[in-house]
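Chemist: Sharing a structure, written as structure tokens. Questions coming.
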Amino acid sequence: MTKNLRTGASVLRLTLAFLLIVVVGTGRSVSAQQSQNSTRPDQKSDNGKIEVLHVQGNVYMIAGAGANVTVQVGSHFVIVVDPGLAEMSEQVLAAIRSLTTKQGILFIIDTCADPDHTGGNEALSKAGWLLPNGSQNPIEVKGTGNPLVPQPGASILAHENVLTAMSQPIGNEPKVPSGMWPTDAYDTDLWRIYNDEGIFMYHPPAAHSNGDTFVLFRGSDVLSSGDLVNLLGYPVINVQRGGSVNGLIDALNQMIDLMEPKEYEEGGTYLIPGHGHIGDRHDVVNYRDMVTIIRDRIRYLISQGKTLEQVKAEKPTFDYDVLYGTTTGPWTTDMFIETIYRELSKSKNQEAPKAGGGLE
């Protein structure tokens, strides 16, 4: 599998990291501890404070920092998925230090470009582990004739479309400081790193956006979905950045195929969603079913010649609104319906869409 990184320095950086990794089985179990309470009113947790929750194996979830933060603690270093909001970085770092003071952060993985997922990139990267042969020791890479200087701190990994979204804003997207951009970008559908277990990064091409990544920690049996699954609301579909409802359903089906239930569809592979509680395969199936049913209802209404306003009047989300609906904020129920309506209206064949599988 080909890894396409932005620079030769990035290749060197990852090569050095991999040379330090020794296969020693699963990492030690670390007791989850709750960090100091916070009184910030805008934290998105049930009790208004940062919490550290042990999911299973080497994987933990930090709640209350914007998007859910995934932390994997290995024998050699720490991997963080979605570091949360910028203003919560100190609390997130304190929470990580409550898990380990020996292993430093080496990799930060961004599942998308949204600021509640990527805001902590710069702060956590600066606090990350400095690779050998850093800024004082440039290395000449054979065949290039140029000395390459790996930058200190943790690598920020993401799909290349996340780098594009953060470095080249369009429309009303905010300008993102360069310190928050990914330092290493991949362009394949699957990429893998290792830290006491295989860590698989999957890229669905057009779901929440065109730059999504979901991460499977194979040994711990935990999947971190980013905003492909939001158990607190209807999924955001960023059409401006290549998102689509059919692509989202495809991504959810792919996750379901990778997840294993333990008994009666409970337990087994655990889920860390972009927002909301820790879940399992059953939660992803229910979420997929919800999106598929609403899509098909809207598709049927379109086939009957209904306008957008008439579709809204039919309330295609009614029975799910108690769980996911909202009339305020940056992403409302109406916006969700409008996005699906416009996507399906562009299709020439409403009866048999090519993308997006049906219910299991």
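Chemist: How do Arg342, Arg281 line up, fewest other C-beta atoms within 10 Å first?
Modeler: Arg342, Arg281
Chemist: So what does the Cα-only Debye profile of region 196-278 read at q = 0.12, 0.17 Å⁻¹, as log10 I(q)/I(0), no solvent term?
Modeler: One equal scatterer on each Cα of region 196-278 leads to -0.34, -0.66.
Chemist: Among the aspartates and glutamates, select those whose C-alpha is under 17 Å from the C-alpha of Lys262, and discard any that sit fewer than 8 residues away in the same chain.
Modeler: Qualifying aspartates and glutamates at Cα under 17 Å: Asp221, Asp280, Asp283.
Values quoted throughout were computed directly from the atomic coordinates according to the rules given, and no laboratory measurement underlies them. Remember, predicted model here, so these are calculated numbers, not experimental data. Cβ sites come from the backbone with ideal geometry, for glycine too, and all protein chains shown count toward neighbours.
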